[in-house]
1. Give the separation of the Cα centroids, the stretch 17-31 to the stretch 64-123, in Å.
2. Report the one residue of L42, G23, L75 whose Cα lies farthest in the direction of the positive end of the charge dipole of the stretch 1-122 (charges on C-beta: Lys and Arg +1, Asp and Glu -1; origin at the Cα centre).
3. Once you keep just the Cα pairs under 8 angstrom separated by 6 or more residues, what percentage relative contact order results for the chain?
4. Counting other Cβ atoms within 10 Å, which trypsin sites (Lys or Arg not before Pro) in the stretch 17-95 have at most 15 and lie in a DSSP loop?
5. Among the chymotrypsin sites (Phe, Trp or Tyr not before Pro) in the stretch 19-79, which ones are in a DSSP loop with at most 16 other Cβ atoms within 10 Å of the Cβ? Mind listing them?
Amino acid sequence: MARTHRYVATVEWTGNDGAGTAGYAAYRRDHVIRVAGKPDLLGSSDPAFRGDAGRYTPEDLLVAALSVCHMLWYLHLCAVNGVAVSEYTDAAEGTMEEDGANGGRFLEAVLRPRVRISAGDRERAIALHAEAHERCFIANSVNFPVRLAPSVEAARGDRAPR
């Protein structure tokens, strides 16, 4: 039987400088994302859309969500398959296109996890990325391709070709 999970977030716009949305340049895109029991996230739009470069954008959060979901599945799969991960870093990137008429959309995301293992089979560690990708809730929910470009190296220094 399928289980369902609910996630609740409150988003509050904080960019009213007095005139509200009286004009395109009359307001800031700043907002606060709140989830009960967790620290607030300060958000804005991309600076290309008059946003604050020092705040998280929806695009940042989407790319981060894809990366984190993949990482959490990958770590789980490694743990249950005898692969001990000692380091994990991902330089994830998303590409979005504006189309003018409808706003825009993401064309793709690329996850580039760099993994170091201290025990287990390197080839199995590489293969587990594909399984993690298949299971990732977020990747399964988007309508654009999410590509993987992983690398795995052994901590002992036996660096087989990536």
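What follows is calculated from the coordinates using simple rules that are stated; it is not laboratory data. These numbers were taken from a predicted model, which means no experiment stands behind them. Positions of Cβ are generated from backbone atoms using ideal geometry, with glycine treated the same way; all protein chains shown enter the neighbour counts.
1. Going from one Cα centre to the other spans 36 Å.
2. Of the candidates, L75 comes out farthest on the positive side.
3. 16
4. Hits after loop and neighbour filter: R50.
5. Those that pass, being in a loop and sparsely packed, are Y24.
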